[in-house]
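Read the figures in this text as sums done on the coordinates, not as results from a lab. In this text, all values refer to a predicted model and were calculated from it rather than measured experimentally. A quick note on method: Cβ atoms are made from the backbone with ideal geometry, for glycine too, and the neighbour counts reach across all protein chains shown.
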Amino acid sequence: MEILVRLQARYIVGRRAVCRAWRSAIPHPNFDRAHARRPTAVAKVAAHDEFSYYGLEGNMLLHRLGTRVIVFDFSRIGRQRTPFPRAILFTSALSTMVMGSWDGVVCLERGEWPPHPRDRIHLRVHQYVLWNPLSMACGTVGPPPAREGCIIGGYAHPETRRFHLLHDSGTGRCFLLRIGDAVWREISFLEESSAHADAAPPRILMSRHPHCFVRLHDNLHWLVQSMGPETSSTPRLLAFDTTREKFWWMETPERHGRPFYVMTTRISALPCGKLGVFSVDLCSRTMELWVLDDYSGGPRARGSWRLKERISLINWDGSDLSCTFLTDSPLEAVEDAEEGEELLLKQLDGRIDAYNIRRKAWRPMDRATLFVAGEYMVMHRESVLQDQASFGNAALPLLQVALYAETTDKSETLNIVQKDHSSALI
């Protein structure tokens with residue numbers, strides 16, 4: 001088994017027929033838990049959209065957006081450089097949004113926009129689709145009772161490896177669903193030992209994008225700002241114990257009167273296995289990298305913050321990168337076998353710039369790493385688990401299909417997927 005754990009997950013899936021011992025060991029949750037220690041890799045999730053026009057109201061053209069194809073592939077960044085395209089097709093004309101990729105599962109939100117443009121503020125969610133691109137396992141679940149808010153994270157349970165989803169209503173209520181169960185459970189943001197346990201739940205302000213949280217030591221971490229009569233306005237780290245299913249608060253680094261701002265701060269799991277906070281100073285056009293030392297997970301092992309490095313945000317071409325952080329551009333830490341530890345910053349135009357920790361300089365990535373419109377950058381770890389182990393009763397069988405496209409752009413993408421026999425219909 002030690003040999004199998006060292007292999008990439010994509011090569012392990014096809015080895016189940018070698019012998020009975022491997023066939024029974026590979027799908028087991030214990031094997032996936034051991035394989036989960038491998039580092040994540042940068043991946044692209046592309047959503048190809050189609051417009052369906054269906055009427056006029058006065059001089060305004062009404063239309064409905066329907067995502068037909070979701071394509072997953074690794075980007076040529078970091079350790080994972082081998083193409084690995086996978087695709088899933090939807091037969092219904094619902095709009096599809098990429099929520100994130102967590103523990104080998106891509107989460108997609110499917111729904112429809114109100115018919116009139118003036119009402120197109122919030123998507124009417126119909127279902128969440130959970131898809132493992134490696135094993136092609138798939139599951140679907142309905143939204144929680146609170147229609148407001150969105151998914152803020154997902155994870156495979158440390159012991160059972162059953163997948164879970166977390167949903168924040170935006171009104172101080174959080175819901176947790178064990179995939180395969182019928183009911184979302186409400187959990188509190190307050191700690192059990194809090195002196196204000198009977199108080200109203202605080203309203204949590206956080207980023208709602210796929211890179212909004214970090215998993216480390218079987219805990220989830222968000223950078224949030226709580227709004228309430230008994231809470232501080234200073235941004236803090238909100239942590240969630242995936243085993244005990246409890247939240248607790250962690251303090252951000254002390255910056256001697258210089259506050260953190262949620263909009264210009266990012267968090268990431270560093271390749272060394274520590275939690276990092278990146279805080280941008282727009283005036284000096286620099287970014288501080290804070291590292292949490294002596295943190296092993298849990299409210300009693302909160303660790304201590306240390307300023308590791310102050311990074312200039314003047315790019316290799318002389319441009320200022322500090323304004324990029326005013327948007328929801330992701331910042332990820334990766335380790336490359338050739339370049340060492342690097343920070344990847346995705347620009348609004350889809351370009352990726354990398355900061356090399358060892359060389360202390362920014363460099364451009366090649367054009368093969370460019371992200372075009374409709375492509376999301378996610379950190380993905382492959383999982384060999386099958387549908388029943390991950391999704392239980394919510395598992396949905398996929399229909400294997402051959403793909404044919406009408407347009408030139410789609411033909412180039414889908415023919416690659418068809419060649420690898422890795423497409424499915426839902």
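Structure data summary
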read-out	value
Under 15 Å, Cβ to Cβ, from LEU292 - net charge with Lys/Arg +1 and Asp/Glu -1	+3
Counted charge near SER268, where neighbours are those whose Cβ lies closer than 14 Å (Asp, Glu -1; Lys, Arg +1)	-1
Among 174-182, 391-399, the order from most to least packed when residues are scored by Cβ within 10 Å on average	174-182, 391-399
Net charge over other residues, Cβ less than 12 angstrom from the Cβ of VAL105 (K, R count +1; D, E count -1)	-1
Placed amide H near THR252: partners under 5 Å, 5+ positions off or other chain	LEU237
Segments 246-256, 92-102, 377-387 sorted - mean Cβ within 10 Å per residue, highest first	377-387, 92-102, 246-256
